[in-house]
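Structure first, commentary second.
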Amino acid sequence: MEIPYKIEKESLLVPMPREVDHHAAKSMSREIDFLIDSWHVKSVVFDFENTEFMDSSVIGIMIGRSRTMEMYRGRVYAINMCERAKRIFEKSALDRIISTDYGTDGR
Amino acid sequence: MEVNHMQASFDARSVNEGLARMLVAAFMADMNPTLEQLADVKTAVSEAVTNAIIHGYSDESRQVRIACDRQGGELMVTVEDDGIGIADIEQARQPFYTSKPQLERSGMGFAFMEAFTDRLEVESCPGKGTRVVLWKYIAEDCEE
C-alpha cells in the first residue's frame, strides 16, 4: 500500500488509509520513522479523513511514533477523526497522549 | 426464527484480515445491523484474525477458519487456528499484555474484542490451536 506522505514546513503529514489494521500498520511505522529521521520534522500529523475502519493496530502506530517524536522533542497530532475513531482513542487512552488541536495553536 | 450459517478458511496472511471483515459484514447485512454494530463486529473480528495470523502461526500458508452463525437476532462468529495456542489465557486477556512488544502490538486485542461484543469465549490448547467465539446481539427476531 502506497501512502502519499507529505512534508510541509517542519511537519510530516500522514494521510491514514481507508482501513487501518495490522496489514496496513506493518509497513507504515517503518516508513514514518524513516521520514522522521531523514527530515527532522517537529510534528507528525495523522489525518483520518479517509479512514472508515480501524482496530487496535492504530494504537501501536500512534504510541510508537509518540516515542520517536519524544526523542526529537516533537509532537504527534491526530486530525479529522470521526466519532468511531474518537471512541477507539478513548478506549485505549490514546486521547491522553495524542493532541487533536493541530493548526489551532498557530502551527 | 431466522437461522443461517457460513464458514470459510484462508491463508494466515495479513492481507486476509480485510477479507475476513468483509465476509462477516456481508453475512450480517441480512440482520439489518446499525452502522455502529457493524463497525463493532468488524473491529472484534479483525482483532481475532490478527491474533491468529501474528501469534498463532509463523507460516503464512497455514489456515485460519472463520464461521458465522445467526440465531434470530444474535450473531456468533468463530475464529479458529491450529497454531501454537495460548498457554495462559488469563494473562493474554489482560489489557496491554502482549507477547510480541517488538511488533508494536498494543496488547489491546482481547480488550477490544470484549469491548465491542456482548460475549467472548477463548479456548486454547498449547501446540494445537486457539478458538475465539464472539457473540453480538443485533436485533429482535421478527416472527410472523
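Where a number appears in this text, it was derived from the coordinates with a stated rule and is not lab data. None of the values given here were measured: they were computed from a predicted structure. Counting neighbours? That spans all protein chains shown, and the Cβs are built from the backbone with ideal geometry, glycine included.
Residues that are crowded, with 24+ Cβ neighbours inside 10 Å and of a type in the set (Asp, Glu) were ranked within the range B:40-96; the one that is nearest to B:PHE27 (Cα to Cα) is B:GLU47. Do we have B:MET113 as part of a helix (DSSP H, G or I) and hydrophobic (A, V, I, L, M, F, W, C) here? Considered against the rule, which asks whether it is part of a helix (DSSP H, G or I) and hydrophobic (A, V, I, L, M, F, W, C), B:MET113 comes out as yes.
Tell me, please, whether a residue that is under 17 Å from the mean Cα position of the chain (by Cα), within 11 Å of chain A (Cβ to nearest Cβ) and over 26 Å from A:GLU90 (Cα atoms) can be found in the range B:16-33. Yes, the range B:16-33 has at least one match. Scanning the range A:28-38 for residues that are closer than 16 Å to A:GLU2 by Cα and either out of contact with any Ser or Thr (no Cβ under 6 Å at 6 or more places or on another chain) or buried (at least 22 other Cβ atoms within 10 Å of the Cβ) (or both) turns up A:MET28, A:SER29, A:ARG30, A:GLU31, A:ILE32, A:PHE34, A:LEU35.
Inside the range B:90-144, can you point out the residues that are among the hydrophobic types (A, V, I, L, M, F, W, C) and touching a Pro at 6+ places or on another chain (Cβ under 7 Å)?
Answer for the range B:90-144, where residues must be among the hydrophobic types (A, V, I, L, M, F, W, C) and touching a Pro at 6+ places or on another chain (Cβ under 7 Å): B:MET108, B:ALA111, B:ILE138.
Does B:SER124 satisfy being surrounded by fewer than 23 Cβ atoms within 10 Å (Cβ to Cβ) and either part of a strand (DSSP E or B) or without any contact (Cβ under 8 Å) to a residue 24 or more places away in the chain (or both)? Yes: the conditions hold for B:SER124. When the residues of the range A:39-87 are narrowed to those that are among the basic types (Lys, Arg) and closer than 14 Å to A:TYR102 by Cα, which ends up surrounded by the fewest Cβ atoms within 10 Å (Cβ to Cβ)? Looking at the filtered set, the residue picked out is A:LYS42.
Within the range A:1-27, being in a helix (DSSP H, G or I) and either surrounded by fewer than 23 Cβ atoms within 10 Å (Cβ to Cβ) or of a type outside the set (A, V, I, L, M) (or both) holds for A:HIS22, A:HIS23, A:LYS26, A:SER27. Residues in the range B:80-124 that are aliphatic (A, V, I, L, M) and either more than 13 Å from chain A (Cβ to nearest Cβ) or more than 13 Å from B:HIS55 (Cβ to Cβ) (or both): B:ILE84, B:ILE86, B:ALA87, B:ILE89, B:ALA92, B:MET108, B:ALA111, B:MET113, B:ALA115, B:LEU120, B:VAL122. Residues of the range A:30-75 that are within 12 Å of the chain's Cα centre (by Cα), within 14 Å of chain B (Cβ to nearest Cβ) and aliphatic (A, V, I, L, M): A:ILE32, A:VAL58, A:ILE59, A:ILE61, A:MET62, A:ILE63.
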